[in-house]
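Below: the structure, in structure tokens.
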Amino acid sequence: MGHLMRPLQRLTAVSMLAVLAACSTTPRDGPEAKPPPNLDKVPDAQPQIEPIRDGGPNKPYALAGRSYTPLTADKPLTEKGLASWYGKKFHGRRTASGEIYNMYAMTAAHKTMPLPSYARVRNPANGREIVVRVNDRGPFHAGRVIDLSYTAAMKLGVLNGVAPVEVERITHEQIRSGEWRQGGKAEPPPETVAPAIEVTARAEPTPAPPAATAASPGFWVQLGAFRQRDGAEQFQRQVADELGWLASLLSVFSEPQLFRLQAGPYATRSDAQDAAARIREALKLVPVVVERR
């Protein structure tokens, strides 16, 4: 499993990615000693229409003498090959998209799918299917087409090692029409799905979602506080347009007389501080790290 890191670290990261490729059979990675209970009840990822941006994790890259050109358009993609999974070695670290890897979420890594994407993965040996959010790059072992999170691999029945799978990217049109759902019955997309966006070389900024009133526990990076929700949402759109890696982590929280724009949650204060430093450098503002319990 490989991670595309910050530009100044990229050359070092690329030289190490081949040896860091994730697989449950390596002694350096695997599950935690006591995984959380009821992981089989974790729901599949819920496909949403998210903008596909040029640059960032979708830039062409090279690894171990091979070049990869990620898709930057909303196109279908189907593959057959081997699936592997990655666990505690990368848990809490940044993915190629800039998000924090959570081995207990329904996510995956792929070499060339646009980030972010959603994909259906099927295990023909047992007939199981799952839907994952693709937010990372990898795997880079020959024959492997997707690297699953621990929970995704468990639900698919491939924790014992690599296994043959079938992978299908879910397109924006399939999300809009509801055709991505099993059974092929078209249903309206869920209320959380963003409005339809035509993908171009420069994606239009995503409309900001309604202000939230509750946040997940963890560490958050506050970018600003506003008396009017319109101001917070406008700034959210500007930040999402400037920092594609941060877009999916942004939320506006409604509090008495204030609307706070924050990014998160991050697993540790150190992760949040690293994100704050990147934001400070890119936007020339002073974000604040806060903890929500």
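The values are calculated or read from the model by the stated rules, or taken from the named source; none is laboratory data. Keep in mind that this is a model prediction, so the values were computed, not measured. Counting neighbours? That spans all protein chains shown, and the Cβs are built from the backbone with ideal geometry, glycine included. Protein only, heavy atoms only, side chains kept; ligands, DNA and RNA dropped before computing areas. Shrake-Rupley method; radii C 1.70, N 1.55, O 1.52, S 1.80 Å.
Does A247 satisfy the condition of being open to solvent by less than 60 Å² (accessible area, probe 1.4 Å), over 22 Å from A272 (Cα atoms), within 18 Å of the chain's Cα centre (by Cα) and at pLDDT below 85?
No.
Any chance the stretch 185-200 includes a residue that's modelled with pLDDT under 50, over 30 Å from R128 (Cβ atoms), outside any helix (DSSP H, G or I) and among the acidic types (D, E)?
yes
Just to be sure, is V289 touching a helix residue (DSSP H, G or I) at 6+ places or on another chain (Cβ under 6 Å) and surrounded by 20 or more Cβ atoms within 10 Å (Cβ to Cβ)?
It is false that V289 is touching a helix residue (DSSP H, G or I) at 6+ places or on another chain (Cβ under 6 Å) and surrounded by 20 or more Cβ atoms within 10 Å (Cβ to Cβ).
Just one of (1) more than 22 Å from I52 (Cα to Cα); (2) of a type in the set (G, A, S); (3) in a strand (DSSP E or B) trips up A263, so point out which.
The single condition A263 does not satisfy is (1).
Counting only residues that are more than 27 Å from Y101 (Cα to Cα), touching a helix residue (DSSP H, G or I) at 6+ places or on another chain (Cβ under 9 Å) and in a loop (DSSP other than H, G, I, E, B), how many does the stretch 242-260 have?
Total meeting the criteria: 0.
Here are V221, V239: which of them is out of contact with any Lys or Arg (no Cβ under 7 Å at 6 or more places or on another chain), touching a residue at least 12 places away in the same chain (Cβ under 8 Å) and either open to solvent by 30 Å² or more (accessible area, probe 1.4 Å) or part of a helix (DSSP H, G or I) (or both)?
Testing whether each residue is out of contact with any Lys or Arg (no Cβ under 7 Å at 6 or more places or on another chain), touching a residue at least 12 places away in the same chain (Cβ under 8 Å) and either open to solvent by 30 Å² or more (accessible area, probe 1.4 Å) or part of a helix (DSSP H, G or I) (or both) leaves just V239.
Name the one entry in R169, R122 that is in contact with a strand residue (DSSP E or B) (Cβ under 9 Å, 6 or more places away or on another chain), open to solvent by 40 Å² or more (accessible area, probe 1.4 Å), of a type outside the set (S, T, N, Q) and part of a strand (DSSP E or B).
R122
Taking the condition of being open to solvent by 70 Å² or more (accessible area, probe 1.4 Å) and either more than 25 Å from D241 (Cα to Cα) or without any contact (Cβ under 8 Å) to a residue 60 or more places away in the chain (or both), how many residues in the stretch 61-90 meet it?
So the answer is 9.
Count, please, the residues in the stretch 47-60 that happen to be surrounded by fewer than 20 Cβ atoms within 10 Å (Cβ to Cβ) and either outside any loop (DSSP other than H, G, I, E, B) or aromatic (F, W, Y) (or both).
1
Which condition breaks for T268 when tested against (1) touching a helix residue (DSSP H, G or I) at 6+ places or on another chain (Cβ under 7 Å); (2) touching a residue at least 24 places away in the same chain (Cβ under 8 Å)?
(1)
Being of a type in the set (A, V, I, L, M) and more than 26 Å from R53 (Cα to Cα) is the filter here, so list the residues in the stretch 215-260 that pass it.
Matches in the stretch 215-260: A215, A225, L258.
Among the residues of the stretch 95-112, write down those that are under 12 Å from Y266 (Cα atoms), in contact with a Pro (Cβ under 9 Å, 6 or more places away or on another chain) and in a loop (DSSP other than H, G, I, E, B).
G98, E99
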